Amino acid sequence: MDRIQVELRGHVDKDIIDVIDAVSIARDVTRIDVVEEVLRRWADERVKEAKLMNRLVRREGSSPERA
């Protein structure tokens, strides 16, 4: 399955880009390859959290007293 891609632009602190660039050079990949790997991992973790929260709410309810 082909993934639909979109352009990502913005300003990032130089120290972060320095690390990304160092990793990309060490791995012989592009800067965007490293950024995409980081974002993919972050997104996968958020989806996992959401699924766990959904399961918890369905099992225990969403009563504010339980918070």
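The values are calculated or read from the model by the stated rules, or taken from the named source; none is laboratory data. These figures come from a predicted structure and were not determined experimentally. Cβ sites come from the backbone with ideal geometry, for glycine too, and all protein chains shown count toward neighbours. Ligands, DNA and RNA are stripped out before the accessible areas are found, and what is left, the full protein with its side chains, is counted by its heavy atoms. Shrake-Rupley method; radii C 1.70, N 1.55, O 1.52, S 1.80 Å.
Results, tabulated for the structure shown:
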read-out: Search result, residues across segment 24-46 that are of a type in the set (G, A, S) and closer than 16 Å to Q5 by Cβ; value: A43
read-out: First in segment 32-44 and hydrophobic (A, V, I, L, M, F, W, C), second anywhere and open to solvent by less than 70 Å² (accessible area, probe 1.4 Å) and part of a helix (DSSP H, G or I), Cβ under 6 Å, 6 or more apart; value: V34/I20; V34/V23; V34/S24
read-out: Every pair of residues 6+ apart whose Cβ atoms lie under 7 Å, when the first sits in segment 1-24 and is among the β-branched types (V, I, T) while the second is open to solvent by 100 Å² or more (accessible area, probe 1.4 Å); value: I20/R31
read-out: Residue that is surrounded by the fewest Cβ atoms within 10 Å (Cβ to Cβ) [pool: residues in segment 9-66 that are of a type in the set (D, E) and touching a Lys or Arg at 6+ places or on another chain (Cβ under 7 Å)]; value: E60
